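Worksheet for the structure shown next.
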Amino acid sequence: KRKDVMKGYGKFCSRKCYSRIQNSAIEKAIEKLLKFNKKKWGIPYEKQKWIKLEKFYTIPDFYLPETKIAIYCDGDYWHSLPKIIEKDERQNRLLQKLDYKVMRLKEADIKMNPAFAFREGLNFVIK
């Protein structure tokens, strides 16, 4: 049976469907900021870039090749689980070992104010 999922943004056929819409909205907010920065300062970026780490790959949501910055937009639920936190920390260490800078933006921060979350994350990475 299909159940409607009500989250204040309308009805969705499932939690998966709702999650997909929410995640794409978060991605769009960050992508909008990156496009603005690309126009203003000429900073190129790539979406969903595969980066090889030892025996596996990681796929940041956005990648800035000129500065080797990997940007992850972490959902609050999944990225609060102990197993995923450990995986994220391992990815961060391996990326940093290969001279990548890692920016992790939390879902709640992005939803509250995408521009501020992005700016704060970028300031942290650039330091």
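FYI, it's all coordinate maths here, none of it is from the lab. Bear in mind that the values here come from a model prediction, so they are computed numbers and not experimental data. When we count neighbours, we look across all protein chains shown, and the Cβ atoms used for this are built from the backbone with ideal geometry, even at glycine.
An oblate overall shape is assigned to segment 70-117, the ratio a/c of its alpha-carbon gyration tensor axes (a ≥ b ≥ c) being 1.5 or greater and a/b not exceeding b/c.
Sort the following peptides by mean Cβ neighbour count (other Cβ atoms within 10 Å, averaged over residues), highest first: 75-81, 103-109, 87-93.
Those peptides, ordered most packed to least, come out 103-109, 87-93, 75-81.
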